[in-house]
1. Want the number for residue 338 to residue 216: 0.36 nm per residue separation, take away the alpha-carbon distance, what's left?
2. Calculate the translational D of segment 363-411 in whole µm² s⁻¹ from Stokes-Einstein, where the hydrodynamic radius comes from the Kirkwood formula applied to all Cα pairs, the temperature is 4 °C and the viscosity 1.567 mPa s.
3. What does the extension gain come out to for residue 438 and residue 310, with contour length at 0.36 nm per residue minus their alpha carbon separation?
4. What distance in nm lies between label points placed 7 Å from Cα along the C-beta direction at residue 198 and residue 413?
5. To the nearest 0.05, what FRET efficiency results for residue 390 and residue 317 with a Förster distance of 56 Å applied to their C-beta separation?
6. In nm, to one decimal, how far is the residue 373 label point from the residue 205 one, both placed 7 Å along Cα→Cβ?
7. For segment 329-426, report the % of Cα-Cα distances exceeding 18 Å.
8. Between residue 265 and residue 53, what is the label-to-label distance in nm when each label sits 7 Å out along the Cα-to-Cβ direction?
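What follows draws every value from the coordinates through simple rules; no lab data is involved. These figures come from a predicted structure and were not determined experimentally. Cβ: placed from backbone, ideal geometry, glycine included. Neighbour counts: every protein chain shown.
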């Protein structure tokens, strides 16, 4: 049974409950006789349980709610009774009709029949109050009120901004006008005829590229021009300058190789001998013996020293010393602050020097950032290695393009250029490793020949 029905039934059992249906007596709503049946079995639930009193009670309650708008026992006397002050025709009461007003006409009988005479309030239709995106609309309205309070107009209600070019099709752009501008259908740029304001509001406008997309990864030119000394018939000084540059590169490589060899080098004479190995093995075995009793006594004294507690006098002395040390440090800190008042001039000088160093570091940092644009970055696990200089020795110069010996590779040069301009990461050629061994089989025809 529902909780509200149980409460109403208990209310009906009270002596002050008034019934609207005269055929129902309050003493019959609650039965004093108890039926002894087995309620554990489902077949006895509807068979031996009488719910007529409950149905009669609920019907009476519904009747009271329809006619009076609630239980009669809960109503006040003023709402149930009225005072009869007499009849107008008998002359016991003088009623003055208001002048200047038209007497209200009575409703038609058909309207009275169709009129709802129930005093039970109509349940609220929740679906009528639910709107799609209601929370979003409330937030938008709240934001609009805030903008209106400070004197701003929402972006949605602003007038369209002026755009370059006509937004509407004019007579000059009409398709039947022979003097209209020529439009190349094979061109790269598409001609947009729709309103830019409409495109922005509907989200169909093209997305603008970020500034990072327009920034170049490196300022190194795609094709670097070789020095004048790399010509097939170069000037003597230009060729010597290019040779010096190549020589410096080779010297640097040689230094790095020598550095690795020096780090891996060892003295061949400084090697372990049989005597040194034996000496290392027997080391620590010829120590002096010691007395076990002395060791035990030393351990006992150490334990006693650790277990010994401090006296109250010692603890008080330690607290006094700690307080003195704290006061000394506080006095020293205060004296240092007072001394700083006489060092304002030197402090200002140090601050100016610090600002100057900061500006210098900022300038150096900006210069390094600009220089980084001309250097390859570390994009992968491998470091970029520059390509060898393509230079010919003095005895290899021919002075003619027909007899010139070609050097380098165009494909390798382009691949290194992409790595240097930070377009791809440095890579190494994948090494092919055979998984299965090669098996040699002699055919019958080969065996017959041999």
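1. Gain in length upon complete extension: 38.3 nm.
2. On the way: Rh = 15.0 Å.
Diffusion coefficient, whole number: 87 µm²/s.
3. My answer for the length gained is 37.6 nm.
4. 5.5 nm
5. 0.05
6. Result for the modelled spin labels: 2.9 nm.
7. Across segment 329-426, Cα pairs with separations above 18 Å total 73 percent.
8. Inter-label distance under the simple model: 11.7 nm.
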